[in-house]
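Rule-based calculations on the coordinates, nothing more; no lab input. Please read all numbers here as calculations on a predicted model, not as lab measurements. Every residue, glycine as well, gets a Cβ built from its backbone with ideal geometry; the counts of neighbours run over all protein chains shown.
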Amino acid sequence: VKRMIDVGVSLAVLLVASPVMLLAAVLIKLTSPGPVLFIQERAGLHGRVFRIYKFRTMRPGVATDEHRDAQRRLIQDGAPAGAGPDGKPIYGKVPNDSRVTPLGQWLRRTSIDELPQLWNILRGEMSLVGPRPAVQADVESFKSWHFQRHGIRPGLTGLWQVSGRSRLSFDQMVKLDLKYIEDWSIWLDLRILLKTIPTVLRIDQAF
């Protein structure tokens with residue numbers, strides 16, 4: 001049933017959102033050199049590696065050391081990457097990241113950059129709801145109990161996305177992922193999907 005919902009909803013959203021995705025692709029090409037899509041290896045179900053698709057939001061060829069260091073500190077020490085405009089801590093995202101294009105900032109805040117992952121869902125590599133797929137470099141910094149989040153397909157959205165997004169520490173995110181796995185039901189998936197809509201619209205929480 002979960003897989004049927006994944007396929008059905010993904011096809012419906014792709015159909016409805018195709019004009020927005022086409023516009024995003026055109027704007028990316030017009031405003032920044034480089035490919036439209038950003039493709040990256042992520043850890044999926046049981047740690048199997050797959051290639052995730054997103055709209056490119058950064059300038060091509062930029063260094064990633066600052067973000068990688070922020071992620072390592074986040075996973076190992078729980079250290080925030082910085083503070084948002086309201087002074088509250090941001091975890092896992094570098095605030096005022098100079099690598100991100102102006103259009104990319106808008107795509108991230110509206111979560112439009114995530115729409116190509118619907119293709120990953122149709123391929124069976126992801127689900128609509130589940131833990132976010134970790135970057136391979138981040139997995140190397142995991143504590144032993146963090147690997148439990150690989151016990152289910154990664155998701156486009158999840159429990160921690162509707163509980164604070166970048167306002168949560170990594171350990172808090174993983175605990176929510178494990179709670180989701182333990183309490184999983186179709187009704188929980190539907191509640192998370194419904195809560196995702198107003199969460200995405202609150203762009204002040206996205207960085």
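Things worth noting here:
- Residues residue 122 and residue 181, FRET efficiency given R0 of 25 Å [Cβ-Cβ distance, rounded to 0.05]: 0.65
- Fully extending the segment from residue 20 to residue 72 would add 15.3 nm, taking 0.36 nm per residue of separation and subtracting the current Cα-Cα distance.
- Ranked by the mean number of other Cβ atoms within 10 Å of their residues, highest first, the peptides 119-132, 30-43 fall in the order 119-132, 30-43.
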